[in-house]
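Q: This is the structure I have questions about; it appears just below.
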Amino acid sequence: MRVRVFGSDRALARALAAKIAGSLDANPCLVLGLPTGRTPILLYREIVRLHREGRADFSRATTFNLDEFLHLEAHDAHSYRAFMQRHLFDHVNLTARRIQFLNGAARNIARECDRYERAIDRVGGIGLQILGLGTNGHIGFNEPADALIARTHRTRLKPGTRRANAALFDGRLTAVPREALSMGLATILRAKSVVLVATGATKARVVQRMVEGPVTPRLPGSFLQLHRCADIWLDRAAASRLGSSRDGFSRRVS
Ligand code: GLP
């Protein structure tokens with residue numbers, strides 16, 4: 001795991017947008033894994049800006065989002081799909097058929113999860129997976145548990161996760177679905193490279209446990225310690241609890 005600390009969330013978003021644009025330049029057929037949540041909003045704004053300036057071409061790229069709420073139609077304004085349309089897809093030149101999403105309203109959920117795994121395999125796997133981090137350590141919707149599920153699956157959301165997502169439902173907690181579909185831990189760890197982004201003081205404690213603690217299903221993000229090419233990009237607030245120098249970890253302040 002390589003930890004990189006930025007002076008601000010904006011500086012981080014700019015650097016990550018530039019990294020994605022550079023990856024697209026090097027490989028126009030890049031397969032990107034994408035998160036939702038508050039954290040990537042600045043990133044998506046920066047990507048849109050680069051695209052408008054002619055510096056990020058998505059015409060041959062493919063995207064796979066991490067997760068979706070169960071029973072929500074793609075066109076439901078509260079779905080993650082709708083979130084992605086608003087913040088990214090409506091503003092860049094992705095080809096519609098190369099935008100891959102879990103269908104939370106699918107009639108046969110097991111088949112839908114299987115379809116997603118096969119779709120990822122068919123394009124040769126995810127090249128660059130961007131991740132956020134839940135305050136309880138979840139990645140995608142892989143919640144802390146005694147055991148984690150490897151492949152794309154149906155999952156029950158923790159109360160805290162539902163609270164964190166209530167903003168998407170106009171603050172109405174009761175409207176937040178209790179279940180979701182999510183890529184599994186192996187789906188995520190199969191990506192060739194991963195950048196996990198965490199910003200703000202509310203993430204400092206979980207970031208410290210993820211980076212410096214043991215690998216445990218009680219903190220799904222800790223499994224990134226096992227990945228060959230996982231970068232943890234933080235702003236100062238999220239990095240504030242990390243030890244300054246630890247063997248095996250390189251930490252760079254930008
Ligand atoms: C949601 C998403 C995760 C995301 C997390 C963090 O629950 N399913 O993929 O990483 O929230 O969200 P935020 O960036 O708003 O803190």
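Q: Could you tell me the distance between the Cα centroids of the stretch 176-190 and the stretch 83-105, to the nearest Å?
A: Spelled out, the Cα-based centre of one part sits 18 Å from the other.
Q: Which of the DSSP-defined H helices in the chain satisfy a minimum axial length of 20 Å, computed from C-alpha atoms, and a minimum mean Kyte-Doolittle hydropathy of 1.0?
A: Both cut-offs are met by no helix.
Q: Now, a different point. Can you give the local net charge around Lys192? Use residues other than it whose beta-carbon is closer than 13 angstrom to its beta-carbon, Lys and Arg +1, Asp and Glu -1.
A: The answer is +1.
Q: Using DSSP to call loops (not H, G, I, E or B), can you name the GluC sites (Glu not before Pro) in the stretch 71-164 whose Cβ has at most 10 other Cβ atoms within 10 angstrom?
A: Those that pass, being in a loop and sparsely packed, number zero.
Q: Then there's this: Work out how much length Asn93 to Arg228 would gain on full extension: take 0.36 nm times their residue separation and subtract the Cα-Cα distance, in nm to one decimal.
A: Roughly 45.5 nm would be gained on extension.
Q: Separate question: Please identify every one of the trypsin sites (Lys or Arg not before Pro) in the stretch 16-89 that sits in a loop by DSSP and has no more than 14 other beta carbons within 10 Å of its own beta carbon.
A: Qualifying residues, ordered by number: Arg38, Arg60.
Q: Points 7 angstrom from Cα along the Cβ direction at Arg178 and Glu73: gap in nanometres?
A: So the two model labels end up 2.4 nm from each other.
Q: I want to check the label-to-label distance for Glu53 and Lys192. Put each point 7 Å from Cα in the C-beta direction and report it in nm to one decimal.
A: 2.5
Q: Still on this structure, please answer the following. Can you give me the relative contact order of the chain as a percent, contacts being Cα pairs under 8 Å and 6 or more apart?
A: 27
Q: Work out the FRET efficiency for Glu212 and Arg107 from their Cβ-Cβ distance, taking R0 = 41 Å, and round it to the nearest 0.05.
A: FRET efficiency, Glu212 to Arg107: 0.40.
Q: Next question, about the same structure. Taking every eigenvalue of the Cα gyration tensor of the stretch 82-169, multiplying by 5 and rooting it, what semi-axes result, largest first, whole Å?
A: Equivalent ellipsoid of the stretch 82-169: 23, 19, 14 Å, largest first.
Q: Quick check on the chain: what are the equivalent-ellipsoid semi-axes from the Cα gyration tensor, as sqrt(5λ), descending, whole Å?
A: For the chain, the ellipsoid semi-axes come out as 25, 23, 18 Å.
Q: OK, next. Let me know the Kirkwood hydrodynamic radius for the stretch 126-254, please, with Cα pairs as the basis and the value in Å to one decimal.
A: After inverting the pairwise mean of 1/r, the radius is 15.3 Å.
Q: Here's a follow-up. May I ask what percent, to the nearest 5, of DSSP beta bridges between residues of the chain are antiparallel?
A: 25
Q: Using a cut-off of 13 Å between beta-carbons, work out the net charge of the residues near Leu173 (Lys and Arg +1, Asp and Glu -1, Leu173 not included).
A: So the environment of Leu173 carries a net charge of +4.
Q: If all Cα-Cα distances of the stretch 1-98 are sorted into 5 Å bins from 0 onward, what percent lands in each bin, rounded to whole numbers?
A: Pairs per bin, as whole percents: 3, 13, 21, 26, 19, 12, 6, 1.
Q: Right, something else. Can you list the lysines whose alpha carbon is less than 28 Å from that of Lys192, not counting same-chain residues fewer than 8 positions off?
A: Lys19, Lys203
Q: Given bins 5 angstrom wide, list per bin the percent of all Cα-Cα distances in the stretch 32-145, short to long.
A: Using 5 Å bins, I get a P(r) of 2, 11, 20, 25, 22, 14, 5, 1, 0 for the stretch 32-145.
Q: Can I ask one more? For the chain, give the magnitude of the charge dipole about the Cα centre (Cβ charges: +1 Lys/Arg, -1 Asp/Glu; no others), in debye to the nearest 20.
A: 360
FYI, it's all coordinate maths here, none of it is from the lab. Bear in mind the structure is a predicted one, so any value in this text is a computation, not a measurement. All Cβ positions, glycine included, derive from the backbone under ideal geometry; neighbour counts span all protein chains shown.
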